[in-house]
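None of the figures in this text is laboratory data; all of them are computed from the coordinates on show. The shown structure was predicted, so the numbers you read here are calculated from the model rather than taken from an experiment.
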């Protein structure tokens, strides 16, 4: 099994947490009350917050090349 670096592990964990917060039925527990935040219903603010969290997390993942294999020296082109 491949070793996951702490950064990759935290990115995967954040993605799972974000998707669970957006897609799980637990959101209905938070939707029982009708508070307004910045003039928006709580459910909309909740979804926007987790959407921004996931977007930022995907940006960090993209900038750190978390899905790319690590470059090896075996495939380097040797010039004479």
Stokes-Einstein D in µm²/s, Kirkwood radius over Cα pairs - the range 6-66 at 25 °C with 0.890 mPa s viscosity
194 µm²/s
Counting pairs of alpha carbon atoms under 8 Å apart in space and at least six apart in sequence, what relative contact order in percent does the range 6-66 give?
42 percent
